[in-house]
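J.: Can you keep this structure in mind? I'll have questions shortly.
FYI, it's all coordinate maths here, none of it is from the lab. Since we're looking at a predicted model, the values are computed, not measured. Positions of Cβ are generated from backbone atoms using ideal geometry, with glycine treated the same way; all protein chains shown enter the neighbour counts.
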Amino acid sequence: MNTAPRIPDPDGFYAALLAAHEGLSEAHSADLNARLVLLLANQCADQDVLLACIRAAAEDNPTTNHTP
């Protein structure tokens, strides 16, 4: 899993992401995020990397319950 910044224009990407969410309800915004995650995961297409990303994202989430 590569965590080094690789987006050529991160500010432009973030602005486009915010613009895509503009005017959406919370539910529609969540749907957009879900579709985006699936599209980006498909671009990666590496199951091991995707699973590592899920684990890393869950570890960084302070609301995630890490109790076994």
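J.: At 0.36 nm per residue, minus the direct Cα-Cα distance, what do HIS21 and ALA41 gain on full extension? Give it in nm, one decimal, please.
T.: Taking HIS21 through ALA41 to full extension adds about 5.2 nm, to one decimal.
J.: Which angle between 0 and 90 degrees, to the nearest 10, do you get for helix 10-21 versus the longest principal axis of the chain when only C-alpha atoms count?
T.: It works out to around 70 degrees.
J.: Just flag the GluC sites (Glu not before Pro) in region 9-62 sitting in loop per DSSP whose Cβ has no more than 13 other Cβ atoms within 10 Å.
T.: When the GluC sites (Glu not before Pro) of region 9-62 are filtered for loop state and at most 13 Cβ neighbours within 10 Å, GLU22 remain.
J.: Here is a further query. Would you mind classifying region 10-63 by shape? Square roots of the alpha carbon gyration tensor eigenvalues, ordered a ≥ b ≥ c; an a/c under 1.5 is rounded, otherwise it is prolate if a/b is larger than b/c and oblate if not.
T.: prolate
J.: Any chance you could give the angle, 0 to 90 degrees and rounded to 10, that helix 47-59 forms with the longest Cα principal axis of the chain?
T.: That helix lies at roughly 90 degrees to the long axis.
J.: Between helix 26-44 and the chain, what is the angle of the helix's C-alpha long axis to the longest principal axis, kept within 0 to 90° and rounded to the nearest 10?
T.: So the inclination is approximately 60 degrees.
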